[in-house]
Amino acid sequence: MVRLTLFLPGLGPGGAEGVMVGLAGRFAERGHDVTLLTIQPDPGHWAIDPKVTVRDLGRERTREAVGALVAHLRSD
């Protein structure tokens with residue numbers, strides 16, 4: 001099992017967002033631990049695999065969001 005963290009600014013109706021949600025789901029189906037990190041979530045737009053964790057960093061300032069991202073990556 002691999003632990004994967006995918007970061008994107010939001011989960012709105014864009015093409016890149018759809019690709020990332022699809023990749024996250026496929027990795028989760030293969031037994032990997034997958035987390036989607038966002039700053040502006042819109043989880044209602046996409047059908048996200050229930051095995052994928054969605055973590056909202058909130059609409060914090062960029063510096064704080066980056067600090068939270070680094071802290072998440074360092075956690076076990």
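Values for this structure:
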| item | result |
| --- | --- |
| Structure-derived log10 I(q)/I(0) by the Debye sum over Cα atoms at q = 0.14, 0.17, 0.21 Å⁻¹: which label, when the choices are (i) -0.42, -0.61, -0.91; (ii) -0.56, -0.79, -1.10; (iii) -0.55, -0.74, -0.96 | (i) |
| Candidates L57, L37, L11: whichever shows maximal mean-square fluctuation once the chain is modelled as a Gaussian network with Cα springs under 10 Å | L57 |
| 222 nm mean residue ellipticity, helices alone, for the chain (DSSP H n ≥ 4; -39,500 (n - 2.57); rounded to 500) | -12000 deg cm²/dmol |
| The chain: relative contact order as a whole-number percent, Cα under 8 Å and 6+ apart | 31 percent |
| Size of charge dipole - the chain - debye, nearest 20, with Cβ of Lys, Arg +1 and Asp, Glu -1, no other charges | 160 debye |
| Separation of the R74 and Q40 label points, Cα + 7 Å toward Cβ, nm | 2.9 nm |
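Just so you know, all these numbers are worked out from the coordinates, no wet-lab data involved. Predicted, not measured: the structure shown is a model, and the values here were computed from it. Cβ atoms come from the backbone with ideal geometry, glycine included; neighbour counts cover every protein chain shown.
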